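Inspection log for the structure reproduced underneath, given as structure tokens.
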Amino acid sequence: TVVPERLVGYGRRHLGVQREFTICLDQSGSMATSVVYASIMAGVMASLRSLRTSLVAYSTDVVDLTEALADPVDVIFGTQLGGGTNTSPALEYCRRTITRPSAAVLILISDLYDFSPERMLEHVARIQGDGVQVVVLLALSDDGLPSYNHKVAASLGAMGVPAFGCTPDAFPGLIAAAIQGDDLGRWAEQQASQ
């Protein structure tokens, strides 16, 4: 696939734009394909000088993989699939690492099957309140068709947080839309209608 090259090409054309991307990655066993693709994409994003990219993986523990982003293989081997899903501590960790909320996008990659969905939604609301744009990818997979917690996704939608599945081919477009400050909910709707 040519996805990494497309992402790098886009970044090189927009070097003057400074954006902060934090990827918060659910590494529970159900997210295996998403973990691989997210690791590769985060590595590509980290190579772009115009972006400040962080990668935080979690299940019941939180692991900051940002320092390993120079080598996606290290990132993949740094994740440990399995275990439960406790998103709140990971979101709180990400919130503390974001330096410029008004120029930041937090991408939560999760199927939303969480120990405490209510706490997770509270953390998302706090991050939004800081001025961070939040988007949830329910899967990052070849078919982009996730199995996910529909009730939590609906709650996120009511908060103005787009939650949708994404293919690796569509991911560069998502990043481009975020860099340009586009409405990511509208972008997701346009992708679904294609």
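Consider all pairwise Cα distances in the range 14-110 and report the whole-number % of them above 23 Å.
For the range 14-110, the share of Cα pairs beyond 23 Å comes to 18 percent.
Determine the equivalent ellipsoid of the range 131-194 by diagonalising the alpha-carbon gyration tensor, then write out the semi-axes as square roots of 5 times the eigenvalues, largest first, rounded to whole Å.
17, 16, 10
Would you grab the residues whose amide H sits under 5 Å from the one on R52? Only those 5+ places off in sequence or on another chain, please, with H modelled 1.01 Å from N.
Correct list: R19, E20, F21.
What's the Kirkwood radius of the range 82-169 in Å, using all Cα pairs? Walk me through the intermediate numbers first.
Working: mean 1/r = 0.0754 Å⁻¹.
After inverting the mean inverse Cα-Cα distance, the result is 13.3 Å.
Measure of size requested: the Rg and Dmax of the chain, with Cα atoms as the atom set and Å as the unit; please supply both.
Just the Cα atoms of the chain yield Rg and Dmax of 14.9, 42 Å.
Dipole magnitude of the chain about its Cα centre, charges +1 at Lys/Arg Cβ and -1 at Asp/Glu Cβ only, in debye to the nearest 20?
600
Counting just the Cα atoms, what span does the range 60-103 cover along each of its three principal axes? Round to the nearest Å and put the largest first.
Between the extreme Cα coordinates on each principal axis of the range 60-103 lie 32, 28, 11 Å.
A short reminder: the numbers here are calculations on the coordinates, not readings from a lab. Bear in mind the structure is a predicted one, so any value in this text is a computation, not a measurement. Counting neighbours? That spans all protein chains shown, and the Cβs are built from the backbone with ideal geometry, glycine included.
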